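The next block holds one structure in the form of structure tokens; read it before the comments.
Just so it is clear, none of the values below were taken in a lab; they were calculated from the coordinates. Source: prediction; values computed, not measured. Positions of Cβ are backbone-derived with ideal geometry, glycine not excepted, and every protein chain shown enters the neighbour counts.
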Amino acid sequence: MKENDSYLSAQYHRLVPHKGKKKAAIAVCHSMLIAVHYILQKQVPYHDLGPEFYIRRNQEAIQRRCVRQLHQLGFQVELTPREKAA
């Protein structure tokens, strides 16, 4: 099964620039083995965390990093949350 919009796909694409394709694939396989072990041991269904998991988890850190990078480039930045579309 090949699924592009999943937690495991996002994990792979997040790791490739730092570790390379082979090590990223091994890391994803390790995550899959851990998930399979948990599913078999606890007898629970698999619940995918989704491709946006890393963004949601580290949203504040991402904001701080982006603001810091913009400051280093000479920009003054103030973040204001936008209104949600109805």
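Are there GluC sites (Glu not before Pro) in the chain that DSSP puts in a loop and that have at most 12 other Cβ atoms within 10 Å, and which ones?
On the way: sites: GLU3, GLU52, GLU60, GLU78, GLU83; in loops: GLU3, GLU52, GLU78, GLU83.
Answer in residue order: GLU3, GLU52, GLU78, GLU83.
If you filter the chain for trypsin sites (Lys or Arg not before Pro), then keep DSSP loop positions with at most 12 other Cβ within 10 Å, what is left?
Here the trypsin sites (Lys or Arg not before Pro) that fit, given the DSSP loop and packing criteria, are LYS2, ARG82, LYS84.
For the chain, with only Lys/Arg (+1) and Asp/Glu (-1) charged at the beta-carbon, what is the dipole magnitude about the Cα centre, in debye rounded to 20?
Once rounded to the nearest 20, the dipole reads 380 debye.
Spelling out what I want: for every residue of region 40-57, take phi, set θ = phi - 60°, compute 6.51 cos²θ - 1.76 cosθ + 1.60 (Karplus), and round to whole Hz; glycine and proline get x.
6, 5, 8, 6, 10, x, 6, 10, 6, 7, x, x, 8, 4, 5, 5, 5, 5
Where does region 1-41 land on Rg/Rh, using Cα atoms and the Kirkwood Rh?
Taking Rh as the inverse mean 1/r over Cα pairs, Rg/Rh reads 1.01.
Percent of Cα-Cα pairs per 10 Å bin, from 0 to the last occupied bin, for the chain, please list those.
Calculated over all Cα pairs of the chain, the distribution is 14, 31, 29, 18, 7, 0 percent.
Show that you can apply the helix-only estimate: for the chain, add -39,500 (n - 2.57) for every DSSP H stretch of four or more residues, divide by all residues, and state [θ] at 222 nm to the nearest 500.
Result for the chain, helices only: -20000 deg cm²/dmol.
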